[in-house]
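Read through the structure below, which is laid out as structure tokens, and then see the notes.
The values are calculated or read from the model by the stated rules, or taken from the named source; none is laboratory data. Treat the numbers as computed from the prediction; the structure is a model and nothing was measured. Every residue, glycine as well, gets a Cβ built from its backbone with ideal geometry; the counts of neighbours run over all protein chains shown.
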Amino acid sequence: MSLLTGILAGLAATVALLVIFSVLCMLSEVTDGAGVDAVVLLCTASGAFAAGYSGARVSGSMGLLTGALCGAMCFILLLCASAAGGGEAGAGCLLRLALAVPSGAAGGVVGVNRRKRRKRSRKKKFR
């Protein structure tokens, strides 16, 4: 269940970032491929981090493994979506994989080690 939660959160974060950056690129009329590739790498890494973080946060243990698996699964699902849309798997694909797995693992470590929120108890006032 934690992997599914992480994967869905990572995909949502990736899609949201891609939409934001594509609107910004459209408004600024960026057309060079290097800038677009850098944005895609940034979105992939951020989405994998979010996937690892939320997956490990739900599981509560094994953050490195959970995060790496969430990051890898997000990458695989994005690769399948890209292939369905006519995209090609090339050297950039391996770079995105090499970036997604460690980013997801880092997110998993942060997610497991983050403290849980504690509810403040209000002190009762005595008269």
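Key figures for this structure:
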quantity: Criterion (without any contact (Cβ under 8 Å) to a residue 40 or more places away in the chain and crowded, with 22+ Cβ neighbours inside 10 Å) met by exactly one of PHE21, PHE75, PHE49; calculated: PHE75
quantity: Selection from the range 90-107 of residues that are surrounded by fewer than 16 Cβ atoms within 10 Å (Cβ to Cβ) and part of a helix (DSSP H, G or I); calculated: ALA91, GLY92, LEU94, LEU95, ALA98
quantity: Close pairs (9 angstrom Cβ cut-off, 6 or more residues apart or separate chains): within 11 Å of ASN113 (Cβ to Cβ) in the range 55-69, among the aliphatic types (A, V, I, L, M) and not in a helix (DSSP H, G or I) anywhere; calculated: ALA56/MET62
quantity: Answer residue from the range 1-59, given it is outside any helix (DSSP H, G or I) and among the charged types (D, E, K, R) and is nearest to CYS70 (Cα to Cα) among those; calculated: ASP32
quantity: Filter result for ARG122 (at pLDDT below 90, within 24 Å of ARG57 (Cβ to Cβ) and not small (Gly, Ala, Ser)); calculated: no
quantity: Candidates GLY90, GLY35, GLY104, filtered to the one that is of a type outside the set (Ser, Thr, Tyr) and more than 19 Å from LEU17 (Cα to Cα); calculated: GLY90
